[in-house]
Amino acid sequence: MTNCPFLPSHPGSVLWKESHKKFKSYLSQSYAHGGQKFSLHYGTGSLTGIAAKDTVQISNITIEGQDFGESIFEPGVTFAEAHFDGVLGLAYPSLSVINTVPVFDNMIKQELVEKPMFSFFLNRGNDFEDGGELILGGIDYSLFQGSIHWVNVTRQHYWQIHMDNVKIQGQIVACDSGCEAIVDSGTSLIVGPVLEIKSLQEHIGATPLSSGEFFVDCKRLSSLPSITFTIGGKDFTLTAEQYIIKETIGKHDLCISGFQSLNNLDFGSSNTSLWILGDVFMSAFYSIFDRGLDRVGFAQAAHKTKTLSMKKKVNH
């Protein structure tokens, strides 16, 4: 997660496809030009733009005077090929590159949400009609099973927590002395230190591709081991069906490992022992981000089907 929302600007943004919706400041009576230039770097992309301010509407929530970035230039194909129009930052204010107040902080400040927390239910699959839910201001108890396991935030920047270890069949294979992990909906895979991710790939028999990804033989999926992440003394286990991503190219299925080395991403951190628990992890576990008590909660996601998709729901 970042903490600064951005939208591609019209007519300035040059690389977003015509199918992307672009922000047209000249149509807004509440728009205010900030003038300050900024640059943002994400795991697989970057952008430059200018700061601005306007009224933001998310479902039935209206945030007045919200700072955001108008994206002018996005090198590469990351955003051009994206299935989204912009980015909504939900990290801590300290992550800001232009001293903005994040969207959710303004929701709390303007008393627009019942509780100072938000939560994610993420599906897996390519059907964008029902991909999950973002609940602003609370928890949807129908979307998970069992109890919530809470862990404290260790650094108020990203949503960073402490992880005890990573195990395969009861044997510790990574993070053996404990490590720090970021819970991040903006990262697709599970990311970790180079040597530890290499070890995980070897354990599941994954072969590298030229793109930096790793693949496994789809016929071996049922024989691959489960991988367990121990967080705050509790085990969170991913089956092969959960950590392997299936893609169809033509008539052929390709099974991609859900793990990636930290050096393949620019995450703005010099901590080479850091882990990132991205969508591969969050799609298995309902994730709650509590700004009131600075903690993160996980519970077993209650998926109703195996093939999952993309819906947005906002409550407050």
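Just a few scattered comments:
- Check on residue 269, touching a Pro at 6+ places or on another chain (Cβ under 6 Å), at pLDDT below 95 and of a type in the set (Ser, Thr, Tyr): no
- Qualifying residue in segment 43-57 (condition: surrounded by fewer than 20 Cβ atoms within 10 Å (Cβ to Cβ), of a type in the set (D, E, K, R) and at pLDDT below 80): no
- Residue list for segment 225-244, restricted to those being under 14 Å from residue 172 (Cα atoms) and β-branched (Val, Ile, Thr): 227, 228, 230, 231, 237
- Residue tally, condition touching a His at 6+ places or on another chain (Cβ under 9 Å) and not polar (S, T, N, Q), over segment 52-68: 3
- Top-ranked residue of segment 161-185 - restricted to ones that are buried (at least 18 other Cβ atoms within 10 Å of the Cβ) and small (Gly, Ala, Ser), ranked as nearest to residue 245 (Cα to Cα): 185
- Taken as a whole, the condition of being part of a strand (DSSP E or B), at pLDDT 90 or above and assigned by TED's automatic domain parsing to the domain that holds residue 174 applies to residue 236.
- Qualifying residue in segment 297-313 (condition: part of a strand (DSSP E or B), in contact with a Lys or Arg (Cβ under 9 Å, 6 or more places away or on another chain), more than 19 Å from residue 225 (Cβ to Cβ) and at pLDDT below 90): yes
- Flag if residue 248 is in contact with a Lys or Arg (Cβ under 9 Å, 6 or more places away or on another chain), in the same structural domain as residue 281 (by TED's automatic domain parsing) and assigned to a strand (DSSP E or B): no
- Of all the criteria given as (1) under 19 Å from residue 278 (Cβ atoms); (2) loosely packed, with under 14 Cβ neighbours inside 10 Å, the one not satisfied by residue 201 is (2).
- Selected residue (criterion: nearest to residue 284 (Cα to Cα)) from residues of segment 173-199 that are touching a residue at least 12 places away in the same chain (Cβ under 8 Å) and part of a helix (DSSP H, G or I): 197
The values are calculated or read from the model by the stated rules, or taken from the named source; none is laboratory data. Remember, predicted model here, so these are calculated numbers, not experimental data. Positions of Cβ are backbone-derived with ideal geometry, glycine not excepted, and every protein chain shown enters the neighbour counts.
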